[in-house]
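Below: the structure, in structure tokens.
Here, each number is a calculation from the coordinates, and none is a lab measurement. Source: prediction; values computed, not measured. Don't worry about glycine lacking a Cβ; one is built from the backbone with ideal geometry, like all the others, and counts go over all protein chains shown.
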Protein chains: 2
Amino acid sequence: MRYELYYWPSIQGRGEFVRLALAEAGAPYVDVARRKGGMAKLERLLESPRVKCPPFAPPFLKAGRLLIAQTANILLFLGARHGLAPKNEAGRLWVHQLQLTIADLVAEAHDVHHPIGSGLYYEDQKREAKRAAESFIAERIPKYLGYFETVLQRGRDSYLAGARLSYADLSLFQIVEGLRYAFPHTMKRREKKIPRVMALRNRVAARPRVAAYLASDGRIPFNESGIFRHYPELDRSR
Amino acid sequence: MRYELYYWPSIQGRGEFVRLALAEAGAPYVDVARRKGGMAKLERLLESPRVKCPPFAPPFLKAGRLLIAQTANILLFLGARHGLAPKNEAGRLWVHQLQLTIADLVAEAHDVHHPIGSGLYYEDQKREAKRAAESFIAERIPKYLGYFETVLQRGRDSYLAGARLSYADLSLFQIVEGLRYAFPHTMKRREKKIPRVMALRNRVAARPRVAAYLASDGRIPFNESGIFRHYPELDRSR
């Protein structure tokens, strides 16, 4: 069975957390909306009255008869199927907890450039975005990255949930890449304070399947339509 | 075994989604931070280097040796333990997907009054909040509530995931209550368009254990320190 991933075709966005898990799992999948006619298929699943359990928004994954939405939920599913999460209850819940914390950070990173509303252009909320970026850089980036540094320090292991990689590790890699892209100036100083997070990032990047994926056409470059956007005017600290 | 719930003692906030599940399950628990010395206990669990799997933020639940954080993750755990979610994989994932969509709405409802940063006072971002509220009222409330109306319409059943109540139903009840408190003017018009959501809200409110909980001292009144805040100046449509 080949999975079908449904996500916007021109950005990494939230879909990228799923792509990384599928890549590491070596699971065959079709990135539906990037194929001819794929966007119409995606929209049909969002709109058709025949879908009994409709997604609120992409990404969603078709796995046989299952249609699963919400990034962290898709990862919960893939984690159990492909050994990307511990099998015991405590470990499963811990990895999911970390993933949901990453999801909060992703939402906040998006809202920095869209503090007033996702229905408005960046240009129409640029002044507000500058203020939001100040808070995000001064308080939120240090708090979140410091938290993951603490988790790695206390765990004293290669990965967030022990000696084996989980989907939360893949997602933390993606967070570091995204923040580096969006806030290079900020991250240059910040990275020195989170050596364990950066070592984890390097460990994930060096995994053969992840490395192959990152070098492939499957990896869409970061751009200013995604979650992590590089607007130099927002990458300033006071 | 009695659960220990750790959450800020003076607001409903995200903790309320857990309180409602515990109430409906009839599960005994201590609301730790509302007892004498409880806040110190909460802070110790957040800060102590001896906690190997630390929460990023409240709420968190102690269940024997398990320490579980992130609202949706706590509900995933309680749902499986107390029959508040289907047992089969498809049902479990569907309920969790709905819960994560509710979590997104909760975050957006909070950000309406704190669009620039959670570290700043409302008064310091009031102008931005007014703009954010316009988007939230015009686009997001209709989109989210319309989505849940569609889910109920397609499912043709008493609850979101079928004939039996799940934790997502309890959370949708709480969403309606919160939006009614924060945006009474907006909701008065909106409720007419979501009859199935409102019927579900009434069905949940009438469940004996929920009704008893809502009438008890356990239910903290809504107030302007929580997620759903009533600022009349934000409850306007253009």
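Values computed for the structure shown
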| quantity | calculated |
| --- | --- |
| Antiparallel content of DSSP bridges confined to chain A, in %, to 5 | 75 |
| Sparse-neighbour loop sites [chymotrypsin sites (Phe, Trp or Tyr not before Pro); the stretch B:75-123; at most 10 other C-beta within 10 Å; DSSP] | B:TYR121 |
| In sequence order, calculated HN-Hα J values of the stretch A:58-70 (Karplus, 6.51, -1.76, 1.60; Hz; x Gly/Pro) | x, x, 9, 10, 9, 10, x, 8, 7, 10, 10, 10, 6 |
| B:GLU191/A:SER225 FRET efficiency (R0 41 Å; Cβ-Cβ; nearest 0.05) | 0.70 |
| Longest to shortest principal axis, alpha-carbon extents of the stretch A:3-81, angstrom | 33, 25, 20 |
| Extreme residue, positive dipole direction of the protein assembly as shown, given options A:VAL210, B:LEU214, B:GLY13 (C-beta unit charges) | A:VAL210 |
| Point-charge dipole on Cβ atoms (K/R +1, D/E -1) for the stretch A:127-193, about Cα centre, debye to 20 | 260 |
| Compactness relative to 2.2 N^0.38 Å, alpha carbon Rg of the stretch A:100-140 | 1.13 |
| Farthest toward positive dipole pole in the stretch B:89-207 [+1 Lys/Arg, -1 Asp/Glu at C-beta], among B:GLY155, B:GLY91, B:TYR122 | B:GLY155 |
| Vicinal HN-Hα couplings computed from phi for the stretch B:85-96 (Karplus, 6.51 cos²θ - 1.76 cosθ + 1.60; Hz; Gly/Pro x) | 7, x, 7, 7, 4, 4, x, 4, 5, 5, 5, 5 |
| C-alpha center-to-center spacing [the stretch B:66-80, the stretch A:27-57] in angstrom | 30 |
| Debye intensity ratio in log₁₀ form over the Cα atoms of the stretch B:89-207, taken at each q of 0.10, 0.11 Å⁻¹ | -0.33, -0.39 |
| Translational diffusion coefficient (Stokes-Einstein; Kirkwood radius from C-alpha pairs) of the stretch B:68-115 at 20 °C, 1.002 mPa s, in µm²/s | 185 |
| Distance (nanometres) between label positions extended 7 Å along Cα→Cβ at A:ALA27 and A:MET39 | 2.7 |
| Computed helical MRE - 222 nm, chain A, DSSP H runs ≥ 4 contributing -39500 (n - 2.57), nearest 500 | -16000 deg cm²/dmol |
| Potential extension, A:SER48-A:GLU139 segment - 0.36 nm per residue separation minus Cα distance | 28.5 nm |
| When each of A:LYS87/B:LYS87; A:LYS62/B:LYS193; A:LYS193/B:LYS52; B:LYS62/B:LYS143; B:LYS130/B:LYS188 is checked by Cα-Cα distance, pairs over 24 Å | A:LYS62/B:LYS193; B:LYS62/B:LYS143 |
| Under the Karplus curve 6.51 cos²θ - 1.76 cosθ + 1.60, θ = phi - 60°, whole-Hz ³J(HN,Hα) for the stretch A:199-210, x wherever Gly or Pro sits | 5, 4, 3, 5, 5, 5, 4, 8, 5, x, 5, 5 |
| Ratio of the Cα radius of gyration of chain B to 2.2 N^0.38 Å, where N counts its residues | 1.01 |
| Model label zone, B:SER158; criterion: amide N under 11 Å from point 7 Å along Cα-to-beta-carbon; scope the stretch B:167-206 | B:203-204 |
| Size of electric dipole in the stretch A:89-207: Cβ of Lys, Arg +1 and of Asp, Glu -1, about Cα centre, debye, nearest 20 | 620 |
| For the protein assembly as shown, alpha-carbon Rg and Dmax in angstrom | 21.4, 63 |
| Estimated Rh, the stretch A:144-238: Kirkwood, alpha-carbon pairs, angstrom | 14.3 |
| Computed log₁₀ I(q)/I(0) - Debye formula, equal Cα scatterers, no solvent, the stretch B:133-180, q 0.15, 0.24 Å⁻¹ | -0.43, -0.91 |
| Dipole in debye (nearest 20) - the protein assembly as shown, about Cα centre, beta carbon charges: Lys, Arg +1; Asp, Glu -1 | 960 |
| Whole-number percent relative contact order across chain A, with pairs defined as alpha carbons under 8 Å at least 6 apart | 23 |
